[in-house]
1. For the condition at pLDDT 85 or above, surrounded by fewer than 11 Cβ atoms within 10 Å (Cβ to Cβ) and outside any helix (DSSP H, G or I), what is the one hit in GLU25, GLU6, GLU29?
2. Return yes or no: is ASP123 surrounded by 13 or more Cβ atoms within 10 Å (Cβ to Cβ) and either among the β-branched types (Val, Ile, Thr) or within 25 Å of THR35 (Cβ to Cβ) (or both)?
3. Give the residue, chosen from ILE100, ILE66, that is within 19 Å of ARG124 (Cα to Cα), in contact (Cβ under 8 Å) with a residue 60 or more places away in the chain, buried (at least 19 other Cβ atoms within 10 Å of the Cβ) and not hydroxyl-bearing (Ser, Thr, Tyr).
4. Does the range 98-114 contain at least one residue that is at pLDDT below 90 and small (Gly, Ala, Ser)?
5. Give, as residue ranges, the strands (runs of 3 or more DSSP E) completely inside the range 34-123 that count at least 1 residues that are closer than 18 Å to VAL138 by Cβ, small (Gly, Ala, Ser) and out of contact with any His (no Cβ under 7 Å at 6 or more places or on another chain).
Amino acid sequence: MPYVVETSVGLDRLFLSILSAAFVEEKLEGGDTRTVLNLPPALAPIKAAIFPLVKKDGLPELAEKIMNDLKFDHNIIYDEKDTVGKRYRRQDAIGTPFCITVDHQSLEDQTVTIRNRDTMQQDRVKISELLNILNEKVSLKSLLSTL
């Protein structure tokens with residue numbers, strides 16, 4: 001019986017195994033499918049995306065201010081193209097673990113909606129707490145505690 005013993009372990013194989021294990025297509029309630037790259041948040045290249053709900057009424061300015069506050073600690077992107085649902089799907093496909101939406105309520109009470117990629121759960125949080133939340137959720141310590 002022929003067999004192969006391959007003792008080579010390299011970065012390419014490790015990366016490919018993590019990437020292929022993280023790629024998932026989920027069925028949603030409406031019958032749609034959602035493509036998700038379920039990278040652990042600590043390994044995701046982009047930690048969060050910031051979306052203004054609309055491109056007017058001061059929302060883009062507040063979203064950019066939030067991005068400027070967070071971008072020195074984490075890799076953050078800003079997106080205002082298309083509907084929020086399409087923006088969520090785009091970020092799900094590239095593995096962004098958190099999406100932060102700035103809406104009209106954000107201007108009134110300084111809170112934003114943060115959406116978790118894996119659970120699709122949305123929570124209102126204070127803008128001042130965003131950095132601490134991201135630090136906690138995307139740290140390597142949180143990844144090691146799940147192992």
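The values are calculated or read from the model by the stated rules, or taken from the named source; none is laboratory data. Since we're looking at a predicted model, the values are computed, not measured. Cβ: placed from backbone, ideal geometry, glycine included. Neighbour counts: every protein chain shown.
1. GLU25
2. Numbers: surrounded by 13 or more Cβ atoms within 10 Å (Cβ to Cβ): no; either among the β-branched types (Val, Ile, Thr) or within 25 Å of THR35 (Cβ to Cβ) (or both): yes.
Against the criterion (surrounded by 13 or more Cβ atoms within 10 Å (Cβ to Cβ) and either among the β-branched types (Val, Ile, Thr) or within 25 Å of THR35 (Cβ to Cβ) (or both)), ASP123 does not qualify.
3. ILE66
4. No: zero hits.
5. Result: 48-52.
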